[in-house]
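Taking it in order: structure first as C-alpha cells, then the write-up.
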Amino acid sequence: MGFVNLTGRDRPLGIASASVRDYRDLARRRLPRQLFDYIDGGAYEEATMDANEADLRRILLRQRVLRDVSDRKLGTTVLGEKLSLPVVLAPVGLAGMFARRGEVQAARAAAAMGVSFCESTVSICGIEEVAAATDRPFWYQLYLMRDRTYAEDLMHRARAAGCNALVLTADLAVVGARYRDVRNGLTGSLAATKKLVRGLDFGLHPAWLRDVAVGGKPHTFGNLEKAVPGASTPAAFRDWVDGQFDPSVTWDDVAWVRENWAGKLVLKGILDPQDAHDAVVSGADAVIVSNHGGRQLDGVPSTIAALPAIVDSIGDRAEVLVDGGIRSGLDVVKALAVGARACLIGRPWAYAVAAGGEEGVTNVLRILRSEMEVALGLTGVTDVQDLGRSSLVDFGRT
C-alpha cells in the first residue's frame with residue numbers, strides 16, 4: 001500500500017476554532033451525514049453518551065484565590081512515558097474516512113504536542129504507515145476475535161512498529177445497537193436500500209469527495225489486509241466482523257494476551273471495581289474507565305461516575321485512565337481531581353481532523369492546554385499531579 005504525502009498543497013486546510021464544540025460544528029458541515037453520525041452517535045437512545053458529558057458538568061471546581069500560580073505544570077507520566085499534557089488520543093475507527101489519511105495526521109499532531117496517540121484496529125491507515133509518519137512511539141488498540149492468529153499477527157506487527165503499549169478493548173463482545181448507523185444504512189438491514197441516499201449525501205459534500213474519497217485512497221483497512229484479505233471494503237469488513245466478534249472471551253484470554261505481549265498492557269472498557277481488580281490480577285499495567293463513549297450498552301454509569309470507586313479499589317497497583325465525555329481542559333482537570341492519571345479523548349480529535357486535518361488536531365490540543373492552564377490558575381493548583389478531590393466542591397455528596 002502506498003503512503004500519501006500530506007505536506008504542502010496536499011495537506012487539508014486547517015481551521016482555527018475556540019473550542020472542541022466549534023470543531024464539532026465544522027465536522028458536521030464537512031462530513032457526509034453517515035460519517036458524522038458514526039463519530040457523533042451512541043447506542044440506543046444515547047442516554048449514557050449524554051450522561052458522560054452531563055455528569056462532568058455537575059462536578060464543581062473549588063476556586064481558590066491569592067496564591068502564586070505564575071508557574072503551572074501540565075506534564076505527567078503515563079506508563080513510564082512523559083507527556084506534555086495528561087491527554088492521550090483515543091483509538092477511533094475509520095478516521096481515515098474523516099480526513100485524508102486521518103490517523104497519520106492525528107499521530108503527527110500528537111507527536112508534535114508531546115502526547116500519545118492510540119491506533120485503532122479498524123483504522124484506515126495501517127500500523128506501519130503510522131509508524132513511518134512519526135518518530136514518537138504510539139499505542140495500539142486490539143480486539144480479540146475468534147481467529148486468534150489475527151490477534152497474534154497484529155501484536156507482532158505492533159511490536160515491530162515500536163508500539164509501547166497494547167490497549168485491549170474488553171467491552172465489545174457484542175456490538176451495541178447504534179440507531180444512527182442503522183438509520184443511515186451504515187449497518188443493519190437498511191444498508192442495501194440506503195445506497196442511493198448515501199450516494200446523494202456524498203455528492204452534497206464536494207470538498208470531502210475531493211480530499212478524502214478521491215485524494216485519500218486507498219480506503220482499505222490497513223491493519224486487516226494481511227489477517228483478512230477479503231476485508232478491503234466497508235461492506236466486506238462488516239461481514240467479517242459479524243462472524244469474528246467473540247462473545248466467549250474471558251479473563252483467560254486476557255492472560256493469553258499478557259503472555260504474548262511483552263510491553264505495557266492496558267485494559268479498556270472497565271466500569272466495575274471488581275473488573276478493575278481482575279484486570280490487575282490478569283497483569284494489566286493500567287485500566288481505562290470507559291463505556292465506549294456511550295456506544296455499547298446504554299443505561300450504564302457515566303465514566304466520571306464510575307471512576308471514584310475504581311480508583312479507590314485499585315490504589316497504586318495500576319494506573320487508572322478515563323475516557324468518555326471529555327470536551328474541554330476543564331473536564332480533564334475534573335477527571336484528574338477525581339483520581340485519573342490522564343484522560344483519553346476520541347470525539348474531540350475526530351471532529352478536529354475532519355474539520356482541519358493535522359492542524360485541527362494540534363489546535364484542539366492547544367485549546368485543552370490553555371483551558372487547563374486557566375483552570376489550574378483559578379483553583380490555586382500549580383501542578384496537575386497535585387490535583388485531588390480537595391480541588392472539588394462537595395465531591396461525593398448526594
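The values are calculated or read from the model by the stated rules, or taken from the named source; none is laboratory data. Being a predicted model, the structure only gives us computed values, none of them experimental. Using ideal geometry, Cβ is built from the backbone for each residue, glycine included, and neighbour counts are taken over all protein chains shown.
Residues that are of a type in the set (A, V, I, L, M, F, W, C) and within 16 Å of the chain's Cα centre (by Cα) within region 341-363 comprise A342, C343, L344, I345, W349, A350, A352, V353, A354, V361, listed in sequence order. If you check A158 against the conditions, is it aliphatic (A, V, I, L, M), out of contact with any Cys (no Cβ under 9 Å at 6 or more places or on another chain), within 27 Å of S290 (Cα to Cα) and at pLDDT 85 or above? Criteria met by A158.
Restricting attention to region 100-143, the residues that are in contact with a Pro (Cβ under 7 Å, 6 or more places away or on another chain) and either outside any loop (DSSP other than H, G, I, E, B) or under 16 Å from L365 (Cβ atoms) (or both) add up to 3.
The residue of region 144-155 that is modelled with the lowest pLDDT, among those that are of a type in the set (D, E, K, R) and assigned to a helix (DSSP H, G or I), is R148.
When region 259-272 is filtered for residues that are over 22 Å from the mean Cα position of the chain (by Cα) and free of Cβ contacts under 8 Å to residues at least 60 places away in the same chain, only E259 remains.
Of the strands (runs of 3 or more DSSP E) entirely within region 281-398, those holding at least 2 residues that are closer than 30 Å to R67 by Cβ occupy 319-323, 342-345.
Condition first: under 20 Å from the mean Cα position of the chain (by Cα) and either farther than 20 Å from V322 by Cα or of a type in the set (A, V, I, L, M, F, W, C) (or both). Now tell me which residues in region 66-88 satisfy that. Listed by number, the residues that qualify are V78, L79, L83, L85, V87, V88. Listed by first and then second residue, the pairs with beta-carbon distance under 7 Å, at least 6 apart or on different chains, first residue in region 363-380 and within 20 Å of A350 (Cα to Cα) and charged (D, E, K, R), second assigned to a helix (DSSP H, G or I) and at pLDDT 95 or above, are R369/G329; E371/G329; E371/L330. If you go through region 317-335 one residue at a time, how many are surrounded by fewer than 24 Cβ atoms within 10 Å (Cβ to Cβ) and in contact with a Cys (Cβ under 8 Å, 6 or more places away or on another chain)? Looking only at that region, the number is 0. Exactly one residue among R341, R295 is buried (at least 19 other Cβ atoms within 10 Å of the Cβ), closer than 28 Å to Q63 by Cα and basic (K, R), and that residue is R341.
Name every residue in region 198-238 that is farther than 13 Å from M97 by Cβ, modelled with pLDDT under 75 and assigned to a helix (DSSP H, G or I), in order of residue number. The answer is A235, A236, R238.
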